[in-house]
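Read through the structure below, which is laid out as structure tokens, and then see the notes.
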Amino acid sequence: DGGITQSPKYLFRKEGQNVTLSCEQNLNHDAMYWYRQDPGQGLRLIYYSQIVNDFQKGDIAEGYSVSREKKESFPLTVTSAQKNPTAFYLCASSIGSGRNSPLHFGNGTRLTVT
Amino acid sequence: AQKVTQAQTEISVVEKEDVTLDCVYETRDTTYYLFWYKQPPSGELVFLIRRNSFDEQNEISGRYSWNFQKSTSSFNFTITASQVVDSAVYFCALSEADYNQGGKLIFGQGTELSVKP
């Protein structure tokens with residue numbers, strides 16, 4: 001079955017450490033996205049990538065970094081510069097990057113930084 | 001500026017009741033798309049429906065129906081004869097320009113629906 005795999009499901013880190021969240025898709029989608037979800041809030045866009053080796057900042061990119069070396073993979077690094085990293089992170093993909101393209105989401109990674 | 005408002009933070013109903021989730025949006029564009037997603041306790045968001053701004057026909061899919069009204073900038077979602085499995089957080093979202101034109105998907109805050117047996 002095609003889909004998006006995020007790992008791990010739960011992640012715990014000490015403050016000051018960088019941490020990388022994995023996102024892999026086998027849907028052959030061109031575009032991939034990272035969203036952050038906080039309690040009682042909608043999803044906010046961190047980064048997105050329309051093609052391999054290219055990505056753009058979303059609304060809340062500060063303190064995060066990404067890479068897109070392969071079409072299937074779009075890892076997100078939460079750096080120590082991110083002031084409030086504890087959140088639920090969702091990876092998504094879509095066939096194209098047009099406004100009418102529905103997003104397909106992974107199960108998410110819940111990151112807790114203490 | 002584009003904005004999506006889901007005024008109902010939480011809704012609780014008893015099984016078999018009908019329930020409507022409200023979504024109001026703001027946009028200056030004449031061409032846009034509206035979406036509804038469901039987030040069950042497992043965490044992943046599941047795509048439910050997409051509607052473009054030129055198609056105001058209501059849509060029904062089983063127990064789900066959607067009422068799109070441009071005059072009131074609303075795209076409401078009704079679940080008929082609700083079931084416990086409908087318990088989830090539901091998000092309404094708006095998309096204007098394509099991503100390669102600087103566009104993005106704007107989500108509402110979500111409505112948490114709890115259906116009790």
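The values are calculated or read from the model by the stated rules, or taken from the named source; none is laboratory data. All values reported here derive from a predicted model rather than from experimental measurement. Neighbour counts are summed over all protein chains in view; Cβ atoms, including those assigned to glycine, are modelled from backbone coordinates with ideal geometry. Ligands, DNA and RNA are stripped out before the accessible areas are found, and what is left, the full protein with its side chains, is counted by its heavy atoms. Shrake-Rupley method; radii C 1.70, N 1.55, O 1.52, S 1.80 Å.
Only one entry of B:Ala93, B:Ala88, B:Ala1 meets the criterion of being more than 16 Å from the chain's Cα centre (by Cα) and either touching a residue at least 12 places away in the same chain (Cβ under 8 Å) or under 23 Å from A:Tyr89 (Cβ atoms) (or both), and that entry is B:Ala1. One residue alone among B:Ile79, B:Ile60, B:Ile106 is over 10 Å from the mean Cα position of the chain (by Cα) and either surrounded by fewer than 16 Cβ atoms within 10 Å (Cβ to Cβ) or basic (Lys, Arg) (or both), and that residue is B:Ile60. Just so you know, in the stretch A:46-57 the residues that are within 12 Å of chain B (Cβ to nearest Cβ) and more than 17 Å from A:Leu111 (Cβ to Cβ) include one that is least open to solvent (accessible area, probe 1.4 Å), and it is A:Ser49.
Could you tell me which residue of the stretch B:1-19 is nearest to A:Gln37 (Cα to Cα), considering only residues that are open to solvent by 60 Å² or more (accessible area, probe 1.4 Å) and either more than 14 Å from chain A (Cβ to nearest Cβ) or polar (S, T, N, Q) (or both)? The extreme case among them is B:Thr9. Number of residues in the stretch A:62-81 that are buried (at least 21 other Cβ atoms within 10 Å of the Cβ) and not in a strand (DSSP E or B) equals 1. Of all residues in the stretch A:1-16, those that are open to solvent by 60 Å² or more (accessible area, probe 1.4 Å) have Cβ atoms under 8 Å from Cβ atoms of residues that are in a strand (DSSP E or B) and polar (S, T, N, Q), 6 or more apart or on another chain, in A:Thr5/A:Ser22; A:Thr5/A:Gln25; A:Lys9/A:Thr109; A:Tyr10/A:Thr109; A:Tyr10/A:Thr112; A:Phe12/A:Thr112; A:Arg13/A:Thr112. How many residues does the stretch A:91-114 contain that are at the interface with chain B (Cβ under 7 Å from one of its Cβ atoms) and within 17 Å of A:Pro8 (Cα to Cα)? Total meeting the criteria: 4. A:Gln50 satisfies every condition listed in (1) part of a strand (DSSP E or B); (2) under 12 Å from the mean Cα position of the chain (by Cα); (3) in contact (Cβ under 8 Å) with a residue 40 or more places away in the chain except (2). Looking at the stretch A:23-45 only, could you name the residues that are facing chain B (nearest Cβ under 9 Å) and either buried (at least 18 other Cβ atoms within 10 Å of the Cβ) or hydrophobic (A, V, I, L, M, F, W, C) (or both)? Answer for the stretch A:23-45, where residues must be facing chain B (nearest Cβ under 9 Å) and either buried (at least 18 other Cβ atoms within 10 Å of the Cβ) or hydrophobic (A, V, I, L, M, F, W, C) (or both): A:Ala31, A:Tyr33, A:Tyr35, A:Gln37, A:Gly42, A:Leu43, A:Leu45.
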